Amino acid sequence: VLLLLALLPLSLGSKSAASSLTTNNVMMTTITTMMEKETLLTILAEKGPFENEDDETACRELVEELSPDEVEAAAQTSFAYFEATQLRQDLQFLSTEDNDDDEGKNDTTTATALDKTKLQQQFAMREARRHYIGEDRNAERALHSLREALSLRSELRVNLVRFIPLAAHEEAFDNLTVLSDAEKAVVRTFRAQVEQEFPRQYTITGGLDVDRSAVVVRFPRLTSETDVDGYLTTLLYVTERALAATEYYSTGRQEKVLALSEYLDYNSANAPPIWSLKDSVLKLQHMYPERLKKMILTDPPFWMRALYSLLFPLLSKSTVDKVSMTSGASEKETVLTELIGDNVPKSLPLLQEDWSISSDSIDIEQYLNQPMYQTHSPLESSPACQE
């Protein structure tokens with residue numbers, strides 16, 4: 001347990017067709033922070049990775065147990081749904097009153113409008129599914145887990161973390177009507193915390209794996225100095241950004257991330273206080289079940305390998321399957337090529353010719369100003385063009 005805690009915390013009817021349409025009552029910034037519309041619509045059309053009808057029915061019933069506010073909060077765990085319903089002006093939605101009305105349904109504009117109620121249900125069910133699978137398909141425990149996660153997201157104001165890139169552009173940020181002045185102040189605080197924490201330990205969405213899931217790269221901590229609140233805020237930012245990237249680049253078909261933790265030059269003296277680390281990890285585990293695809297530890301110290309060998313017989317098969325250690329160029333080439341694909345340098349630009357992973361090219365300010373869904377080195381083409 002201590003080993004896993006010390007690694008990477010990711011567990012990680014209206015009268016006319018015109019009046020039946022609504023648009024978001026927010027101001028969309030002129031800064032390029034939005035997904036391409038085609039890509040966004042492709043993601044919104046993804047139903048979710050339900051294994052069978054029984055799972056789908058069970059998750060629908062879980063969502064029916066939630067309050068309207070909880071359903072919306074569950075749906076907003078999807079960055080694409082959040083952007084579509086909270087941040088954009090170029091999408092049209094059917095009004096609630098018109099969802100069941102036949103009038104105007106042949107109108108071209110109405111036919112292309114989105115049904116927010118159905119989207120809300122769809123993405124809330126996807127979040128419910130993750131808790132349902134995480135709790136071994138026990139509906140009672142899954143409902144408790146889901147509600148606990150939604151409560152934590154509200155308490156920690158996770159959605160405000162998604163505005164961190166915009167906070168660097170003062171005029172556009174000040175003109176945002178979707179946030180109150182108090183919320184903007186919180187976002188600015190979050191931004192300052194992340195700016196302070198990032199140089200202490202680089203953790204970025206560094207690339208994509210073979211399934212177009214985000215690869216989170218975490219480097220050794222460089223100092224023992226830790227602001228507890230800033231540490232947690234940064235973990236939330238890193239996690240939300242990685243999940244947004246997976247959703248974007250896979251166009252909604254994948255939900256997990258691959259974690260790559262570099263341990264070359266690791267110094268245990270620089271680790272955050274264990275109580276802070278444990279508290280942060282537990283919170284993230286509650287909020288992000290079924291999100292970790294695999295964790296790769298590169299060049300781990302001997303004591304870590306020895307400890308893992310001792311713990312290995314006690315770990316569940318699912319945990320064992322998700323964690324692996326690799327050292328040396330040949331071993332790393334084999335493992336990373338299998339997970340990331342043949343064109344590893346393009347998919348993971350931080351990788352060097354000797355298969356080491358370097359943080360030298362990371363520009364913190366540039367990275368923090370990128371849209372939440374982008375990798376450190378954005379791909380040249382839109383996900384919608386990757387078919």
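The values are calculated or read from the model by the stated rules, or taken from the named source; none is laboratory data. As the structure is a computational prediction, the values presented were derived from the model and not from experiment. FYI the Cβ positions are ideal-geometry reconstructions off the backbone, even for glycines, and counts take in every protein chain you see. Surface accessibility is based on the protein's heavy atoms, side chains included, excluding ligands, DNA and RNA. Shrake-Rupley method; radii C 1.70, N 1.55, O 1.52, S 1.80 Å.
One table, with the values for the structure above:
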| read-out | value |
| --- | --- |
| Flag if Tyr237 is in a helix (DSSP H, G or I) and among the hydroxyl-bearing types (Ser, Thr, Tyr) | yes |
| Residues of the range 288-308 that turn out to be open to solvent by 40 Å² or more (accessible area, probe 1.4 Å) and at pLDDT below 80, as a count | 1 |
| Pairs with Cβ under 8 Å, 6+ apart, first in the range 220-241 and among the aliphatic types (A, V, I, L, M), second assigned to a loop (DSSP other than H, G, I, E, B) and open to solvent by less than 10 Å² (accessible area, probe 1.4 Å) | Leu235/Pro9 |
| Checking Asp321 against (1) modelled with pLDDT of 90 or more; (2) in a helix (DSSP H, G or I), the condition it does not meet | (1) |
| Residue among Ala149, Ala167, Ala142 that is of a type in the set (Gly, Ala, Ser), in a helix (DSSP H, G or I), open to solvent by less than 20 Å² (accessible area, probe 1.4 Å) and touching a Gly at 6+ places or on another chain (Cβ under 8 Å) | Ala142 |
| Flag if Leu208 is under 21 Å from the mean Cα position of the chain (by Cα), within 24 Å of His286 (Cβ to Cβ) and open to solvent by less than 70 Å² (accessible area, probe 1.4 Å) | no |
| Residue, modelled with the lowest pLDDT, within the range 309-318, restricted to residues that are part of a helix (DSSP H, G or I) and of a type in the set (S, T, N, Q) | Ser318 |
| Residue selected from the range 142-177 under the condition of a type in the set (Gly, Ala, Ser) and at pLDDT below 95, by the criterion farthest from Tyr132 (Cα to Cα) | Ala172 |
| Tally of residues being of a type in the set (Gly, Ala, Ser) and touching a Pro at 6+ places or on another chain (Cβ under 6 Å) across the range 117-161 | 1 |
| Single residue of the range 358-375 satisfying the filter (aliphatic (A, V, I, L, M) and open to solvent by less than 30 Å² (accessible area, probe 1.4 Å)) that is farthest from Asp299 (Cα to Cα) | Met372 |
| Failed condition for Glu331, given (1) within 28 Å of Ala80 (Cβ to Cβ); (2) in a helix (DSSP H, G or I); (3) at pLDDT 90 or above | (1) |
| Pairs where the first residue, in the range 179-193, is under 20 Å from Phe82 (Cβ atoms) and the second is of a type in the set (S, T, N, Q) and open to solvent by less than 50 Å² (accessible area, probe 1.4 Å), C-beta under 7 Å, 6+ apart | Phe190/Thr233 |
| Hits in the range 222-279 (condition: on the phi > 0 side of the Ramachandran plot and either surrounded by 18 or more Cβ atoms within 10 Å (Cβ to Cβ) or at pLDDT 90 or above (or both)) | Thr251, Gly252 |
| Subset of the range 31-71 [open to solvent by 60 Å² or more (accessible area, probe 1.4 Å) and under 20 Å from Arg291 (Cβ atoms)] | Lys47, Glu51 |
